[in-house]
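The structure appears right after this line, and notes come after that.
Each value in this text was obtained by applying a stated rule to the coordinates, not by laboratory testing. This is a predicted model, so every value here is computed, not measured. Don't worry about glycine lacking a Cβ; one is built from the backbone with ideal geometry, like all the others, and counts go over all protein chains shown.
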Amino acid sequence: LTTAMTETDLPEEDFGAVLTLWRNNAVLRGNEAETNREGRTGLEIEKLAQLLGICVKWTNLTLGEVPKRLREILIMIIREAIANAVKHAEAETVMIDISIAEKELSMSISNDGRKPEGDIKAGGGLSNIRRIVEMQRGSLEVTVRKQFVLSVKIPI
């Protein structure tokens, strides 16, 4: 670490932030590589959150209660949301609320991190989520009031 710091012009605090991003990315990629796609119920989400040092709180339905064909889609969305919460908001807790009513699955994801300042620009993670949702003929809404909230609706 000290050798790497002496070979860069980055201030120490910026260098630390870069190392944190690299660590988080390595954790995300490692978790992705070892995840078994059969019978997914959300345990890999819990494992990812634990590795990133973040708590996940579920309300209403869990992934195990979601129709199997939508489970993988929700896992991809939640993984992106957790990564964004850690990276952009420095969140400690991500709250996930899933419900099903009248042939529609609704999911709301929020976190306790810093609220975004200014307009939210759809970058890599949010663009990926939007693409996943639109492929399912669903809708995505992002709101920021007391906290950042990502709302997804997907027809069943």
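Once both labels are modelled 7 Å past Cα along the beta-carbon direction, what's the Lys153-Cys55 spacing in nm?
Each label point is offset 7 Å from its Cα along the Cβ direction, giving 3.2 nm.
Structure shown: which of Lys47/Lys146; Lys68/Lys103; Lys115/Lys153; Lys57/Lys121; Lys47/Lys121; Lys47/Lys115 lie over 19 Å apart, alpha-carbon to alpha-carbon?
Details: Lys47/Lys146 28 Å; Lys68/Lys103 15 Å; Lys115/Lys153 23 Å; Lys57/Lys121 26 Å; Lys47/Lys121 28 Å; Lys47/Lys115 25 Å.
The pairs that break the limit, which is 19 Å between Cα atoms, are Lys47/Lys146; Lys115/Lys153; Lys57/Lys121; Lys47/Lys121; Lys47/Lys115.
Among 124-131, 98-105, what's the highest-first ranking by average C-beta atoms within 10 angstrom per residue?
Numbers: 124-131: 15.8, 98-105: 13.2.
By packing density, highest mean first, the sequence is 124-131, 98-105.
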